Amino acid sequence: MSQISRDEVAHLARLARLALTDGELDSFAGQLDAILGHVGQIQSVDVTGVQATDNPLTSVNVTRPDAVVAGLSQDEALAAAPRAEDGRFAVPRILGEAE
């Protein structure tokens, strides 16, 4: 017995704002039904006594330790800027007139 109908696929397509042809509706109904069948098989597996894991991989991300280092002073940062005004970076205006 089919778990998902063509009408349900059409309803989902409307919700997702997808324009599907009749052939696509029939095709997707079959594909979604097969997916739901596989999910049902997985759900029926007896996992009694199996410990849940959130990540089966034992690898750990290797990162360097945080180290506080001195940053650039304002003058040093502005020295490399194409333009600076009043101690700030000067950039081209991108939004309308000044308010």
Where the chain is the region considered: accessible area per residue in Å², 1.4 Å probe: 95 Å²
Degrees between helix 22-43 axis and first principal axis of the chain (Cα, 0 to 90, nearest 10): 90 degrees
Max mean-square fluctuation residue, GNM over the chain, Cα-Cα springs under 10 Å, options S44, S73, S27: S73
Calculated over the range 1-43: convex hull of Cα atoms, volume per residue (Å³): 65 Å³
Percent of Cα pairs exceeding the 17 Å cut-off, where the set is the chain: 77 percent
Computed [θ] at 222 nm, deg cm²/dmol, the chain (DSSP H ≥ 4; -39,500 (n - 2.57); rounded to nearest 500): -12000 deg cm²/dmol
0 to 90° range, to nearest 10: angle between helix 6-15 axis and the chain longest Cα axis: 20 degrees
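The values are calculated or read from the model by the stated rules, or taken from the named source; none is laboratory data. None of the values given here were measured: they were computed from a predicted structure. These area figures cover heavy atoms from the full protein model, side chains too; ligands, DNA and RNA do not enter into them. Shrake-Rupley method; radii C 1.70, N 1.55, O 1.52, S 1.80 Å.
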